[in-house]
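I have placed the structure first, in the form of C-alpha cells, so that the comments after it can refer back to it.
Nothing in this text is a laboratory measurement; each read-out follows from the coordinates by a stated rule. These figures come from a predicted structure and were not determined experimentally. Note: ideal-geometry Cβ built from the backbone for every residue, glycine included; neighbour counts use all protein chains shown.
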Amino acid sequence: MRSQKTPYQRIIFVCCNSREDGVCCSPEGNPTGEQFREWLKEYIEKKGLKGKIRVARSGCMDLCRQGPNLMVFPDNIWLNGVRKDELPRIAAEYIETTVPSVA
Ligand code: FES
C-alpha cells in the first residue's frame with residue numbers, strides 16, 4: 001500500500017442515495033442530491049477551483065429525513081435540508097474561503 005496527500009483543500013460529499021421507501025434525501029419538490037452535486041461542480045469549475053475542491057457522491061448518511069444532506073471535510077460539517085437558494089452561502093463558507101485568491 002502507498003499513501004499520498006490529496007490535492008483537495010476540501011471535499012464536499014453530497015448524498016445521492018435513492019431509496020424506494022420514499023424516505024430519502026430528495027423529498028418530492030426538493031432538488032435532488034445529484035442536482036446539488038451538479039450545481040456545486042459547475043460553480044467550482046466556473047471559479048477555477050477544479051482539482052482543489054472535490055464534490056463527491058455519497059451514499060446514505062443516515063439523516064434521510066433531514067435531506068438534502070451534504071457533508072464537508074475537513075470541516076466535519078453536515079449541512080441538512082439544503083435549498084438551492086442557499087448555494088451562495090455554501091459557496092461563501094466552504095468554497096470561496098478555501099483559496100485566498102478567490103474573492
Ligand atoms: S438518503 Fe440521504 S441521508 Fe439517507
**Message:** At a 10 Å Cβ-Cβ cut-off, how would you order K84, K47, fewest neighbours first?
**Reply:** K84, K47
**Asked** For C24, what is the net charge nearby, where nearby means another residue's Cβ is under 13 Å from its Cβ and Lys, Arg count +1, Asp, Glu -1?
**Response** -3
**Message:** Considering the Cα positions of the chain, please state its Rg to one decimal place and its Dmax as a whole number of Å.
**Reply:** 14.0, 45
**Prompt:** In degrees from 0 to 90, rounded to the nearest 10, what is the angle of the helix 33-46 Cα long axis to the longest principal axis of the chain?
**Reply:** 20 degrees
**Request:** Name the residue farthest towards the positive end of the dipole of the chain from the options F36, T6, W78, assuming +1 on Cβ of Lys and Arg, -1 on Cβ of Asp and Glu, about the Cα centre.
**Result:** T6
**Message:** Quick check for the chain: number of Lys pairs with alpha-carbon distance under 18 Å, counting only pairs 8 or more apart or on different chains?
**Reply:** 6
**Fill in**
Taking a crude spin-label model, label points 7 Å out from Cα along the C-beta direction, the K50 to I11 distance in nm is 2.0 nm
**Prompt:** So how strong a dipole does the chain carry about its Cα centre when Lys and Arg Cβ are +1 and Asp and Glu Cβ are -1, to the nearest 20 debye?
**Reply:** 540 debye
